[in-house]
Amino acid sequence: MRIQHSTLVAMLAACLVTGTLWAADDPFVGKWKVNPSKSKLTDEMKVEAVDANKYAITFGPGAVDTILADGTDQPALQGTTLSVTVEGPTNWKVVRKKEGRTLLTGFWTLSADGKTLKDEFTAYHADGSTTKLHYVYERTAGNSGFTGTWDSPSEELNSVIELEIQPYQGDGFSFKGSFYGWTKNMKFDGNDYPDLSKNAAPGATSSGRRVNKRSLELTDKLEGKITQTRRIELSPDLKTLTMSMLPPGESKSKNILVFERE
């Protein structure tokens, strides 16, 4: 019995060591930096008039803030505040804060014909870094002013975005991205793991599965409902990592980040 027990312990130890070495040598592990020229980020938002100087602004599926455009900080989504300041007939300033700290600012400018909306967007991270984006939206619904539906088919990415992937509990991964404090720890067992990102909504989780050696799929959820699927794929030479983000019900990604190994 003792010999059998010792043999079993030795076999288990060998498996654990092998699993740890496999994770450390996994081609996903390492530091990655985005290539802006190969990446693509798109966005859609909707502005609806609710009352005099009051608007419902949809920034994403189910993400609606109803705000008086009077420049004051007002209760908004995920424990934040939002302010909208009308600086002129074609200029709005939008600011989101959390516990008094500015998370993002957007300076919106309408074109003279009312068909285009430009957003000079800046996200402020807890470590003092910023992400700056230049969005150009085209009107797809509505006739005049800021009210309507706006789609951004492309935008210029002019900030450094980095991603670090490290082993987690043997065969899992720990993801840390400089974009919006993106942090996830998970094993690829189909279970939901809490979203550790700094600005994550309460109840946000993610699960993951390993499609093959060079492909992962992460599913983000909020209170059990799928909000986004991320497909992460390595190039055959293992030097490029592509992250495609898909909203529920869509098969073709409008948002793609292409990283190169540092």
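The values are calculated or read from the model by the stated rules, or taken from the named source; none is laboratory data. As the structure is a computational prediction, the values presented were derived from the model and not from experiment. Because the Cβ atoms are built from the backbone with ideal geometry, glycine has one as well, and the counts that use them run over all protein chains shown. We work out accessible area using only protein heavy atoms, side chains counted, and drop any ligands, DNA or RNA first. Shrake-Rupley method; radii C 1.70, N 1.55, O 1.52, S 1.80 Å.
Quick one: which of 95, 34 is open to solvent by less than 20 Å² (accessible area, probe 1.4 Å), among the β-branched types (Val, Ile, Thr) and under 30 Å from residue 187 (Cβ atoms)?
On the way: 95 fails: under 30 Å from residue 187 (Cβ atoms).
Answer to the check: 34.
Among the strands (runs of 3 or more DSSP E) confined wholly to segment 158-230, which include 3 or more residues that are free of Cβ contacts under 8 Å to residues at least 24 places away in the same chain?
Where strands (runs of 3 or more DSSP E) fall fully within segment 158-230 and carry at least 3 residues being free of Cβ contacts under 8 Å to residues at least 24 places away in the same chain, they are 172-177, 204-212, 215-222.
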Problem set entry | Residue list for segment 217-229, restricted to those being touching a strand residue (DSSP E or B) at 6+ places or on another chain (Cβ under 6 Å) and farther than 16 Å from residue 251 by Cα | 221, 222
Seminar exercise, completed: Within segment 223-260, the count of residues that are open to solvent by 40 Å² or more (accessible area, probe 1.4 Å), under 14 Å from residue 40 (Cα atoms) and hydrophobic (A, V, I, L, M, F, W, C) comes to 1
Exercise. What tally of residues in segment 58-92 results from selecting those that are of a type in the set (Asp, Glu) and surrounded by 15 or more Cβ atoms within 10 Å (Cβ to Cβ)?
Worked result: 1
Exercise. Residues 122, 90: which one is more than 17 Å from residue 60 (Cα to Cα) and within 17 Å of the chain's Cα centre (by Cα)?
Worked result: 122
Exercise. If you scan segment 170-222, which residues turn out to be of a type in the set (Asp, Glu) and open to solvent by 50 Å² or more (accessible area, probe 1.4 Å)?
Worked result: 171, 189, 192
For this session: Search segment 136-165 for residues being under 27 Å from residue 67 (Cβ atoms) and within 16 Å of the chain's Cα centre (by Cα), and hand back the single one that is modelled with the lowest pLDDT.
Result: 155
Exercise. Could you count how many residues in segment 80-112 are over 17 Å from residue 69 (Cα atoms), assigned to a loop (DSSP other than H, G, I, E, B) and either among the aliphatic types (A, V, I, L, M) or at pLDDT 95 or above (or both)?
Worked result: 2
